[in-house]
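Enquirer: Below is one structure. I have some questions about it.
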Amino acid sequence: MTKPFTVRVSARWRAVAAALILLALPGTARGADTPTSTDLPDLTGVRSKIYAERYSEAVEELTALTTTVQHADLYNLLAFSLRNLERYDEAAKWYREALYYDPDHKGALEYQGELFLKLGQTERAKVNAQKLNFLCPDGCDELNALNLAIAEAEGTLGELPSGDSPRSALSR
């Protein structure tokens, strides 16, 4: 007769353990009022500030959003603004966050590569270009922009043969 009781307790403990494990997973213990990572607010106003090169204002607004929103686009815009303010350590952190949430985020890969170039880390920028080359087999703006930045950083921009694209020249 004690065996069914033990099974019930064991099943109950398993349910409690499973609930505790779920609560311990990142992102599952958020409050009901906290937006999920897919609930990205309209960033039109912030983008306007960035286009107008009002990076400090954009950083202030984007930083406030990071307390309630988890999204690669948000982190990428914040990192971009910080990079343009020459706050490179902070920018690096937010590019890592963007790529954590979306490892294939083309904008974050391009801009992180450009940060690497600012820091003299050309090989790391080339790794980002290789990943973009994989993600964009037919080319894309992010790949072209990063390849141009790499060629400029290496002083090889003027060495491209006529009609040769930076993408094809750098992927050789």
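Just so it is clear, none of the values below were taken in a lab; they were calculated from the coordinates. Only a predicted model underlies this, so the values are computations on that prediction, with no experimental measurement involved. For neighbour counting, all protein chains shown are included, and Cβ atoms are generated from backbone atoms with ideal geometry for every residue, glycine included.
Enquirer: Which whole-Hz ³J(HN,Hα) couplings does region 46-51 yield from phi under the Karplus relation 6.51 cos²θ - 1.76 cosθ + 1.60, θ = phi - 60°, glycine and proline marked x?
Expert: With the stated coefficients, region 46-51 comes to 5, 4, 4, 5, 5, 4 Hz.
Enquirer: So between residue 100 and residue 51, what do we pick up on full extension, going 0.36 nm a residue minus the alpha carbon distance?
Expert: Separation in residues times 0.36 nm, less the Cα-Cα distance, equals 15.1 nm.
Enquirer: I need the peptides 95-104, 130-139 ranked by packing, meaning the mean over residues of other C-beta atoms within 10 angstrom, with the highest value on top.
Expert: Averaged packing, sorted descending, gives the order 95-104, 130-139.
Enquirer: Now for a different question. Can you bin region 77-164 into rounded, prolate or oblate? Criterion: square roots of the alpha carbon gyration tensor eigenvalues sorted a ≥ b ≥ c, rounded for a/c under 1.5, prolate for a/b above b/c, oblate for the rest.
Expert: Oblate shape, in that a/c is at least 1.5 and b/c is the bigger or equal ratio.
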